[in-house]
Amino acid sequence: MIIHDISRDTLTSKVYDGDPQTQVTKIKSIENGDDYNLSAVSFCTHTGTHIDAPLHFASDGNSISKMRLNTFTGKCTVVTVSGVLTGEDMDKILSHSRKKLLLHGNSKAFVSPFAARVLADSEIAMIGTDAQSIAAEYDETETHKILANAGIAILENLDLSDISDGDYELYAFPIKLGGLEAAPCRAILFEQERGL
């Protein structure tokens, strides 16, 4: 079994335009003569690899801590795409996709509102991308709202640079942040070795 870490580092990831910058404060430091190291971190819940819960764009949607745990694990499909996917594009992709779909587009793979409607009518439980957002910057709201109202989890800011297209086992459990709309996660893909 090959294990792929597809997460970006929360502390060093580029912050989405307009979000607060990540800050690390060293409270205690062995280097400075303290008995131990102790740090405090301040960051936006949408920094680095993270999961958007439906609450992000639906006032009555589930928060990150209310989502079913099986949402974050299971068979997934990675597919290479580029640009903003249409509804027709999504129909083609879903014909050979598992219930969790990850878009590999060198940070330029987005879902249009039309593609989001196709996802909402499908059995997809999670949609992911290696871009900072599942939606293009000029059309963030509608795509997110459609996915949120359908109860689909969104996994954003993945590192798929070394991942080939195909089926994998995904584990992407978010930090348990009670009542919040998103949380960082450690996203891992398990790949069955060929010929064994």
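Counting beta carbons within 10 Å around each of Val78, Val111, Val41 and listing the fewest first gives the order Val41, Val78, Val111. Given the pairs Lys26/Lys75; Lys66/Lys108; Lys26/Lys145; Lys26/Lys100; Lys66/Lys145; Lys14/Lys100, which are separated by over 28 angstrom at their Cα positions? Among Lys26/Lys75; Lys66/Lys108; Lys26/Lys145; Lys26/Lys100; Lys66/Lys145; Lys14/Lys100, the Cα-Cα distance tops 28 Å for Lys26/Lys75; Lys66/Lys108; Lys26/Lys145; Lys26/Lys100.
Here region 1-90 is described by how far its Cα atoms reach on the three principal axes: 61, 40, 29 Å, from widest to narrowest.
Quick one: Arg194, Arg68, fewest Cβ neighbours within 10 Å first, how do they rank? It would help to have the intermediate numbers written out before the result.
On the way: Arg194 6, Arg68 10.
Lowest to highest Cβ neighbour count: Arg194, Arg68.
From helices alone, the chain scores -3500 deg cm²/dmol at 222 nm; the rule is -39500 (n - 2.57) for each run of n ≥ 4 DSSP H residues, then divide by the residue total. For region 14-21, 3J(HN,Hα) computed residue by residue from phi via the Karplus equation (6.51, -1.76, 1.60; θ = phi - 60°) reads 4, 8, 4, 3, x, 7, x, 6 Hz, glycine and proline entered as x.
Taking all C-alpha pairs of region 62-196, those more than 17 Å from each other amount to 56 percent.
Rule-based calculations on the coordinates, nothing more; no lab input. The structure displayed is predicted, hence computed values, not measured ones. So basically every Cβ, Gly included, is an ideal-geometry build from the backbone, and we count neighbours across all protein chains shown.
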